[in-house]
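Accompanying notes for the structure given below.
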Number of protein chains: 2
Amino acid sequence: MNSSAIEIEKAAVILKLLGDKTRLTMLKMLDTHDYCVCEFVAIFKVSQPAISQHVRKLKDAGLVRETRKGQWIIYSLNRESDDFPFVQSLIHHLPNQDFKLEELEVQGLRISCD
Amino acid sequence: MNSSAIEIEKAAVILKLLGDKTRLTMLKMLDTHDYCVCEFVAIFKVSQPAISQHVRKLKDAGLVRETRKGQWIIYSLNRESDDFPFVQSLIHHLPNQDFKLEELEVQGLRISCD
DNA sequence: TAAGCATATAACGATTAACTTATATAATAA
DNA sequence: TTATTATATAAGTTAATCGTTATATGCTTA
C-alpha cells in the first residue's frame, strides 16, 4: 500500500487506456503543453475521427479536460483528477515529447489556437 | 525526460500488458511473495489454462521469471529487468494484496511449493 | 443566411484479446 | 511402469478495440 493508493481495478482500467501508443503519447505531450484536436491530427498518422475517439476516451476517464476556444477545442491534463498522482508518476518515466511540437512548427502546421 | 526513461512504445506495450486486472494483481502479489501457478489458479476465478496464458505473457515481456521446483513452477518478479523501475513505480501505487495469500491459507488451499 | 473549418458521432470491418475445453508434456509417487 | 499432479499448448468462440468512411453538429466569417 502507499499514501496515494488506487484501487487495483481502477488502475487496470487506466493502464489499459494508456496501453495505447497514441493515447500515452498524447498524455505525455499534455504534461508540458495544451493541445487542440487539430494539432493532434497533424501529429499522429491517423484520421481526425480516430483522434477524436482517443481524446474522448481520455476525457471519459477524467484524465483530460476540454475547453472550447471559438471553433477549437483545447485539451489539457486534468491535474485535479483523483488518479492524477498515479498517472503523473507514470508519465514521469517517459521521454519528453516537445520535439513533436517543434516538428509541427517547422512544417508550418502549428495552429495558433489561442 | 527522466533518469530512468523508457521508450514510449515500450511503455505502451507494458501498460497494455498490465491493463488487465488479473495480470496487474499478479504482479502486485509478486512484489511481496513468489507464487506457483497452482496458487494463482486457486486465487483467481479463471481456468488453469487462462492463468498459464497470463503468466506466459508476463514472462515473455521479461517482467517475471520462472524456476521449477519439482513439479511446481514458481514465478517471481524479475527485478533485473530494464523495465523494472517503471513497473515498480507503478505497482507502488497499488494496495498490498497479501490478503489473498491469507485467504488461501484460511481455505487450506495454500500449497507449500518449497 | 450560407459557406467553411473544427470536431464529434455513427456504422462498419479487421484485428486482437481473453476466455473456454481438450489434450500434451513433465515431474513425482505408487 | 502406471497413475497422479502441475503446467503448457492448441483450437475455437466471443467480445473488445482500433481504424476507416460517411455524416452530423457547432462555431465563425462573408
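Just a few scattered comments:
- Over the range B:8-106, accessible surface divided per residue gives 48 Å², non-protein components excluded, 1.4 Å probe.
- Estimated from helices alone, the mean residue ellipticity of chain B at 222 nm is -15000 deg cm²/dmol (sum of -39500 (n - 2.57) over DSSP H runs with n ≥ 4, per residue).
- Partner chain coverage, peptide A:10-20 - average Cβ within 10 angstrom: 6
- Label distances, nm, residue A:70 versus same residue in remaining copies, Cβ-directed 7 Å point: 7.5
- Other-chain or far-sequence residues with amide H under 5 Å of residue A:64's (modelled H): A:59, A:78
- Whole-Hz ³J(HN,Hα) from phi, Karplus 6.51 cos²θ - 1.76 cosθ + 1.60, for the range A:10-18, glycine and proline x: 5, 4, 4, 4, 5, 5, 4, 4, 8
- For residue A:45, the label point sits 7 Å beyond Cα toward Cβ; its separations from the matching points on the remaining copies run 4.3 nm, from shortest to longest.
- The protein assembly as shown - Rg (one decimal) and Dmax (whole number), Cα, Å: 20.1, 68
- Here chain B exposes an accessible surface that is 49 percent carbon and sulfur, computed with a 1.4 Å probe and the other protein chains kept in place.
- The range B:88-97 - phi-based ³J(HN,Hα) in whole Hz, Karplus 6.51/-1.76/1.60, Gly and Pro as x: 5, 5, 6, 6, 4, 7, 8, x, 3, 10
- Exceedance of the 24 Å cut-off in Cα-Cα distance is limited, within the set A:59/B:28; A:45/A:100; A:21/A:69; B:16/B:45; A:100/B:10; A:16/B:10, to A:59/B:28; A:21/A:69.
- Cα-only Debye scattering, chain B: base-10 log of I(q)/I(0) at q = 0.14 Å⁻¹: -0.57
- At 7 Å out from Cα toward Cβ: residue B:107 inter-copy label distances (nm, ascending): 5.3
- Exposed-site-free run, longest, chain B (rule: GluC sites (Glu not before Pro); DSSP loop; at most 14 other C-beta within 10 Å): B:8-79
- Exercise: per-residue mean of other protein chain Cβ atoms within 10 Å, A:86-92: 4
- Here the relative contact order of the range B:45-114, from alpha carbon pairs under 8 Å that lie six or more residues apart, stands at 21 percent.
- Residues in the range B:22-40 reached by a label modelled at residue B:52 [backbone nitrogen below 15 Å; 7 Å Cα→Cβ]: B:37-40
- Loop-located trypsin sites (Lys or Arg not before Pro) across the range B:17-71 with a Cβ neighbour count of 14 or fewer within 10 Å are B:45, with loop assigned by DSSP.
The values are calculated or read from the model by the stated rules, or taken from the named source; none is laboratory data. Being a predicted model, the structure only gives us computed values, none of them experimental. Heads up, the Cβs are rebuilt from the backbone with ideal geometry, glycines too, and the neighbour counts pull from every protein chain shown. SASA here: full protein model, heavy atoms, side chains in, ligands and nucleic acids out. Shrake-Rupley method; radii C 1.70, N 1.55, O 1.52, S 1.80 Å.
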